[in-house]
């Protein structure tokens, strides 16, 4: 699942100030802080039985300037195999104990959206939508800080 957030006006500001690196200096700190906020919120919302998916959540910034992207979700190498007991699965049709050896990157989309066998347990989209105002504030603060430091 991909949700795209577009920051309008950054290119125009950089063109006005005549500094190509300004866009990255404006957006990167705000994107980093916003990614941490969304990741933390998603960790609190994720459906947990073994907590493996919860432990695999992370964020990564990719790109530069106007192409900057924050990827939030299960990250490669995070989330170790976790055991679960019959009491953890008591609400399943057939409660059982075992070990979750699945890759969170594979099954996270099914948790977020749904399958024909089980309902969705969305965690990323609500984490983003519930923090929209805070994300906007963090990015605007980052832009203000970059512009304030421009003349120095």
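Observations on the model:
- Cα-based Rg of segment 39-152 normalised by 2.2 N^0.38 Å, two decimals: 1.37
- In terms of the mean number of neighbouring beta-carbon atoms within 10 Å, the peptides 49-56, 33-40, 131-138 order highest first as 49-56, 33-40, 131-138.
- What separates the Cα centres of segment 40-69 and segment 104-152 is a distance of 9 Å.
- Ranked by the mean number of other Cβ atoms within 10 Å of their residues, highest first, the peptides 22-28, 123-129 come out as 22-28, 123-129.
- Taking 117, 107 and counting other C-beta atoms within 10 Å, the order from fewest to most: 117, 107
Throughout, read-outs are computed from the coordinates displayed, never taken from laboratory work. A quick note: this is a predicted structure, and the numbers were derived from the prediction, not measured. With ideal geometry, Cβ positions are generated from the backbone for all residues, glycine too; neighbour counts draw on all protein chains shown.
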